[in-house]
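Here the structure comes first, spelled out in structure tokens, and everything after it is commentary.
The values are calculated or read from the model by the stated rules, or taken from the named source; none is laboratory data. It should be emphasised that the depicted structure is a prediction, and the values quoted were computed from it without experimental measurement. Cβ coordinates were reconstructed from backbone atoms using ideal geometry, including for glycine residues, and neighbour counts include every protein chain displayed.
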């Protein structure tokens, strides 16, 4: 029996960062990962002569050396920034919506964004200036909250960040309506909603504005060698700090003592690892449903109260012509049926009706990412309900091909680019693929959905109450920072530092 101060289950983004924070805090740390590679979804794979990015469209809040974002600051503290070769994404996004006949390409930079919006929607400038001023106040308030580890002075908050407090309980659309933003400007601004997986009648304004201000002021970045380059850098750093990472090693049980506190981890080969602290980089549904005995009714109810967010479907194309030859103009596309996000959300519940997609051509950010004269694309959509559970096994491949066909047809029709005849490689991941690869329930790639009662702010404020089992904390897309690359890194940062504090308090 080996003994460690802490064991991290899962070498995904959150788990890797948590492990580094544990090691920096002096904790003897082991990471166990059932796959033979680190990263979880943060990886890449080869098909023919193409190396595809598995999931990352663009990394928010990284910035540059002279316009440093919070993720870059975190990576500097972790000691991994310089282990990765970075490139900048050229523009924010292009959004195309059929119902409203919108086709808008938006730039990075607040002033450039406002100017471009004014060109699309004359008269929108005052409301856009109000939005960005409010979003900047939200970012400052969050920085203060983080510096206080969530234990804020309410009087100071009201005095210095009054608008943050005022809009804290309102949705995106409620606040945009309050500042009298024209409908078309609101539609274009809300294009990022699918990155958070909740519609704008339900999504917290604070959460959305916080994301948008970071995108627009600091741009977006991408590792040249795909997200797997980040995973490898984090793993290398863990080993530099003296931590251990065991691949092809699955944790199957978390043991507790007579008082209900963590006492160890059982591996798939029967070995038991003694530890008082576990950080689980996986879903609480998996941990409490499969890995622990004698789970309390309170924990079961709290976990089941949460709603699974989007189930993933991604198609990867390797094309034997360049992006210029095919008329692919942009890096990041959002293709919607409607900019009524609640209506679009409902459309995305069913396989038969869902045709929305977020699509990337990495060559527009990094022309050399594929062989000369070729380009790569990946198309992603979310299913807001578990409709794939209704697909019969004998129909699985037929349905998968049907959805891929619809994605190609939609992109060609909406953008005018003709890609079908140039497909050299194609690979498709469905919710079943994601469920098998990372063990996520229903193939959910977005963690628990951000809802009014369970959004970013409530989760951050409820961290102490959510800590139900002594010695067990969570990192990754199912934890307090919700889904997304940046969020997963910050969740690992928070959880790792919290666990170091737990260990030190125990003496």
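Would you call residue 428 surrounded by fewer than 18 Cβ atoms within 10 Å (Cβ to Cβ) and not in a helix (DSSP H, G or I)? It is true that residue 428 is surrounded by fewer than 18 Cβ atoms within 10 Å (Cβ to Cβ) and not in a helix (DSSP H, G or I). If you scan region 44-77, which residues turn out to be touching a residue at least 40 places away in the same chain (Cβ under 8 Å), assigned to a loop (DSSP other than H, G, I, E, B) and under 21 Å from residue 211 (Cα atoms)? Once the filter is applied, which keeps residues that are touching a residue at least 40 places away in the same chain (Cβ under 8 Å), assigned to a loop (DSSP other than H, G, I, E, B) and under 21 Å from residue 211 (Cα atoms), region 44-77 yields 55, 56, 57, 58, 61, 62, 69.
So which residues in region 311-325 are in a helix (DSSP H, G or I) and surrounded by fewer than 22 Cβ atoms within 10 Å (Cβ to Cβ), if there are any at all?
Passing the criteria: 324, 325.
Scanning region 461-494 for residues that are more than 10 Å from residue 14 (Cα to Cα), in contact (Cβ under 8 Å) with a residue 40 or more places away in the chain and part of a helix (DSSP H, G or I) returns 461, 463, 466. Just to be sure, is residue 87 touching a helix residue (DSSP H, G or I) at 6+ places or on another chain (Cβ under 6 Å), modelled with pLDDT of 95 or more and either within 30 Å of residue 152 (Cβ to Cβ) or assigned to a strand (DSSP E or B) (or both)? When the stated conditions are applied, residue 87 does not pass them. Of the residues contained in region 86-104, none is found to be in the same structural domain as residue 247 (by TED's automatic domain parsing) and free of Cβ contacts under 8 Å to residues at least 40 places away in the same chain. Only a single item in (1) touching a helix residue (DSSP H, G or I) at 6+ places or on another chain (Cβ under 8 Å); (2) closer than 22 Å to residue 101 by Cα; (3) outside any strand (DSSP E or B) is not met by residue 396, and it is number (2). Pairing residues of region 140-161 that are under 23 Å from residue 71 (Cβ atoms) with residues that are assigned to a loop (DSSP other than H, G, I, E, B), at Cβ distances under 8 Å and at least 6 apart in sequence or on separate chains, gives 140/161; 141/161; 144/152; 144/161; 145/152.
May I ask you to say which residue of 286, 245, 266 is outside any helix (DSSP H, G or I), under 22 Å from residue 10 (Cα atoms), in contact with a helix residue (DSSP H, G or I) (Cβ under 8 Å, 6 or more places away or on another chain) and not assigned by TED's automatic domain parsing to the domain that holds residue 387? Going through 286, 245, 266 in turn, just one is outside any helix (DSSP H, G or I), under 22 Å from residue 10 (Cα atoms), in contact with a helix residue (DSSP H, G or I) (Cβ under 8 Å, 6 or more places away or on another chain) and not assigned by TED's automatic domain parsing to the domain that holds residue 387: 245.
Regarding residue 80, is this residue closer than 25 Å to residue 412 by Cβ and in contact (Cβ under 8 Å) with a residue 12 or more places away in the chain? The answer is no for residue 80. Here is the figure for region 261-298: residues that are under 30 Å from residue 449 (Cβ atoms) and surrounded by fewer than 16 Cβ atoms within 10 Å (Cβ to Cβ) total 7. If only residues of region 21-33 that are in contact with a strand residue (DSSP E or B) (Cβ under 8 Å, 6 or more places away or on another chain) and part of a loop (DSSP other than H, G, I, E, B) are counted, the one that is surrounded by the most Cβ atoms within 10 Å (Cβ to Cβ) is 33. Of everything in region 386-407 that is crowded, with 18+ Cβ neighbours inside 10 Å and in contact (Cβ under 8 Å) with a residue 60 or more places away in the chain, the residue that is nearest to residue 47 (Cα to Cα) is 404.
Of these, 150, 168, 123, which one is at pLDDT 95 or above and outside any helix (DSSP H, G or I)?
Only one candidate qualifies: 123.
Within region 296-310, restricting attention to residues that are under 26 Å from residue 385 (Cβ atoms) and not in a helix (DSSP H, G or I), which residue is farthest from the chain's Cα centre (by Cα)? Here the residue is 305.
The set of residues in region 97-114 being in a helix (DSSP H, G or I) and either in contact with a strand residue (DSSP E or B) (Cβ under 6 Å, 6 or more places away or on another chain) or surrounded by 14 or more Cβ atoms within 10 Å (Cβ to Cβ) (or both) consists of 110, 112, 113, 114.
Among the residues of region 196-242, write down those that are in a loop (DSSP other than H, G, I, E, B) and surrounded by fewer than 21 Cβ atoms within 10 Å (Cβ to Cβ). Passing the criteria: 201, 202, 224, 225, 241, 242.
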